[in-house]
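Engineer: Before I ask anything, let me first share the structure, which is written out below as structure tokens.
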Amino acid sequence: IVPPGLVTEPSSVTVSPVNETEPLASVRIDAPSARTTSPRPRIVLEKFGFLKKLDLSFNKMTSLPDLSSFPVLVELDLKGNQLLELNESIGACTSLHTLSLNGNALSTLPPAIGKLVNLEKLEIANNNLVSLPKEIGRLENLNELFLTGNPLEELPPSVGALRCITLMPPEIHPR
């Protein structure tokens, strides 16, 4: 489902809300042209800062737009893309409870990940992560951390400070 006012390029799509008085809280964006040889669409999301759930999974995205306009976002699903990095603007999504980044090409996470103090579930399996930032230890509410399928060499000591966390089996590759 494409939210009202969403514009993708090169082909423009605009959908109006069914009820103007009740803004959408949950959106799934599927950009089929991103899965073809045509130029990838540019998704304009700045108008949707009221969203609580945003699903951009499996769109072959290699980078993310600025996420600083999503302070009330609770769930962000970015799995199955081709993300090379997660930009620092993720730190503005301080209401996030669930962040899914499984199956991308991430080699690092930004220190701003530590600003997601409400995060309960972090899915970063099947990427190219060799380490995690020490700031991950600031995620006091984190209770599920999915790490499988990464060439992790070690976990930062700050992970040990997290209470009530379940580490989904990491594959640690010591040097």
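Engineer: If I stretch the segment between Glu153 and Thr108 completely, what's the gain in nm (0.36 nm per residue apart, minus their alpha carbon distance), one decimal?
Structural biologist: Computed gain between Glu153 and Thr108 is 14.9 nm.
Engineer: At 1.4 Å probe size, with every protein chain present, just tell me what the per residue accessible area of the range 86-129 comes to in Å².
Structural biologist: Working: 1360 Å² over 44 residues.
Ligands and nucleic acids excluded, the figure is 31 Å² per residue.
Engineer: Using 0.36 nm times the number of residues separating Lys60 and Ser131, minus their current alpha carbon distance, what extension gain do you get?
Structural biologist: Working: separation 71, 0.36 × 71 = 25.56 nm, distance 2.39 nm.
Extending this stretch completely gives an extra 23.2 nm.
Engineer: Strictly over 21 Å apart at the Cα level, which of Lys53/Lys115; Lys52/Lys121; Lys53/Lys134; Lys60/Lys115; Lys60/Lys121; Lys52/Lys115 would you flag in this model?
Structural biologist: Checking Cα-Cα distances, Lys53/Lys134; Lys60/Lys115; Lys60/Lys121 exceed 21 Å.
Engineer: Would you work out if the range 56-174 is rounded, prolate or oblate? Take a ≥ b ≥ c from the square roots of the eigenvalues of the alpha-carbon gyration tensor; rounded if a/c is under 1.5, else prolate when a/b is larger than b/c, oblate otherwise. Please report the intermediate quantities before stating the final value.
Structural biologist: On the way: a/c = 1.68, a/b = 1.13, b/c = 1.48.
Because a/c hits 1.5 or more and a/b fails to exceed b/c, the range 56-174 counts as oblate.
Engineer: Of the accessible area of the range 88-136, with the probe set at 1.4 angstrom, what percent is carbon plus sulfur? Present the calculation step by step, with values, prior to reporting the outcome.
Structural biologist: Numbers: 780 of 1620 Å².
After summing per-atom areas, the C and S share lands at 48 percent.
Engineer: Let me ask another. Just how far, in whole angstrom, is the range 64-85 from the range 89-117 if you go by their alpha carbon centroids?
Structural biologist: Spelled out, the Cα-based centre of one part sits 8 Å from the other.
Engineer: Separation between the Glu140 and Ser89 pseudo-spin-labels, each 7 Å from Cα along Cα→Cβ, expressed in nm?
Structural biologist: Going by the 7 Å Cα→Cβ label model, 2.9 nm.
Engineer: Report the net charge of residues surrounding Ser107, where surrounding means a beta-carbon distance below 13 angstrom and charges are Lys +1, Arg +1, Asp -1, Glu -1. Spell out each step's value before the answer.
Structural biologist: Working: positive: none; negative: Glu85, Glu153.
Around Ser107, the charge tally is -2.
The values are calculated or read from the model by the stated rules, or taken from the named source; none is laboratory data. Everything numeric here is computed off the predicted structure, so don't read it as measured data. So basically every Cβ, Gly included, is an ideal-geometry build from the backbone, and we count neighbours across all protein chains shown. Just the protein is used for accessible areas: all its heavy atoms, side chains included, with ligands, DNA and RNA removed. Shrake-Rupley method; radii C 1.70, N 1.55, O 1.52, S 1.80 Å.
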